[in-house]
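Colleague: Okay, here's the structure, questions in a sec.
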Amino acid sequence: MIGKEVIESEPISGAEVKKILEDFSQDNEPNYEQNITLNHLARFKRYSLEDTREIVEKLQNDFGLRPKVAVHIVDLAPKDLADMRLIFAKEPSKIDKEDMEKILEFLEQYDVEE
């Protein structure tokens, strides 16, 4: 790792990671870690790539959430307040119950893929 440095860091959703790895796998042989990641991502329900991008954007713009939190919400696809509380448990800024309920109502508009 000598000489390597992180230039930029940006949170991306599991759906985006899956798409990137699937595209990479078409032309290249994925390594062990990439295979493990693809297998992990295939096990869980998630939103489509288009829905994921739309949801993250709306969570940031309409609810004022940080990109990292918006991506966590999309990846975990919470179904109730208990799940939402876990996502916001370590957040420095607290969100009230009404806003969490609004986010859950917003998420119900989108279908989770198998």
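Colleague: Could you order TYR32, TYR110 so the one with the most accessible surface comes first? Probe is 1.4 Å.
Modeller: Result, largest first: TYR32, TYR110.
Colleague: What aspartates and glutamates sit close enough to LYS19 to cross-link, taking a C-alpha to C-alpha distance under 13 Å and skipping anything fewer than 8 places away on the same chain?
Modeller: Here the aspartates and glutamates satisfying the reach criterion relative to LYS19 are GLU50.
Colleague: Carbon-plus-sulfur fraction of the accessible area of the chain, 1.4 Å probe, in percent? Before the final figure, lay out each step's value.
Modeller: Numbers: 4080 of 8370 Å².
Its accessible area is 49 percent carbon and sulfur atoms.
Colleague: Among PHE24, PHE88, PHE63, whose mean-square fluctuation peaks in a Gaussian network model of the chain (Cα, cutoff 10 Å)?
Modeller: PHE24
Colleague: May I ask you to rank SER48, SER93, SER25 by accessible area, largest first, using a 1.4 Å probe over the protein chains only?
Modeller: SER93, SER25, SER48
Colleague: Extension gain ARG66-GLN109, at 0.36 nm per residue separation less the Cα-Cα distance, in nm?
Modeller: Numbers: separation 43, 0.36 × 43 = 15.48 nm, distance 2.11 nm.
Going from the current span to full extension adds 13.4 nm.
Colleague: Something else about it: Over the chain, average the accessible area per residue using a 1.4 Å probe and give it in Å², no decimals. Walk me through the numbers on the way to the answer.
Modeller: Working: 8370 Å² over 114 residues.
Heavy-atom SASA per residue in the chain reads 73 Å².
Colleague: Which aspartates and glutamates have a Cα less than 18 Å from the Cα of LYS97, not counting those fewer than 8 places away in the same chain?
Modeller: Reachable aspartates and glutamates: ASP62, ASP80, ASP83, GLU105, GLU108.
Colleague: Sticking with this structure for a sec: On full extension of the chain, what length is gained from ILE12 through LYS102, given 0.36 nm per residue of separation minus the C-alpha to C-alpha distance?
Modeller: So the extension gain works out to 30.1 nm.
Colleague: For the chain, what does the alpha-carbon gyration tensor say about shape, rounded, prolate or oblate, given a ≥ b ≥ c as the root eigenvalues, a/c under 1.5 as rounded, and a/b over b/c as prolate?
Modeller: Prolate shape, in that a/c is at least 1.5 and a/b is the bigger ratio.
Colleague: Can you list residues whose amide H is under 5 Å from GLU113's amide H, if they're 5+ apart or on another chain and H is modeled 1.01 Å from N?
Modeller: Residues meeting the amide H criterion: ARG46, TYR47, SER48.
Colleague: Further question on the same structure: Take the chain, mark every one of the trypsin sites (Lys or Arg not before Pro) that falls in a DSSP loop and has at most 16 other Cβ within 10 Å, then report the longest stretch left between them, sites excluded. Let's see the in-between values first.
Modeller: Working: sites that count: LYS4, LYS45, LYS79, LYS90, LYS94.
Counting only loop sites that pass the neighbour cut-off, the longest clear stretch is 5-44.
Colleague: In percent, how large is the relative contact order of the chain, given Cα pairs closer than 8 Å and 6 or more residues apart?
Modeller: It rounds to 30 percent for the chain.
Colleague: Rank these residues by their accessible area, most exposed first, probe 1.4 Å: ILE103, ILE7, ILE20.
Modeller: Accessible-area ranking of ILE103, ILE7, ILE20, largest first: ILE7, ILE20, ILE103.
Colleague: Between LEU81 and GLU22, what is the label-point separation in nm under the 7 Å Cα-to-beta-carbon projection?
Modeller: Once both label points are built, they end up 3.7 nm from each other.
Colleague: Something else: Under the 0.36 nm per residue contour assumption, what length would be gained going from the current alpha-carbon distance of SER48 and LYS4 to full extension?
Modeller: This chain segment gains 12.5 nm when fully extended.
The values are calculated or read from the model by the stated rules, or taken from the named source; none is laboratory data. It should be emphasised that the depicted structure is a prediction, and the values quoted were computed from it without experimental measurement. Backbone-built Cβ (ideal geometry, glycine too); neighbour counts: all protein chains shown. Just so you know, the surface numbers come from the protein's heavy atoms only, side chains and all, with ligands and any DNA or RNA stripped out. Shrake-Rupley method; radii C 1.70, N 1.55, O 1.52, S 1.80 Å.
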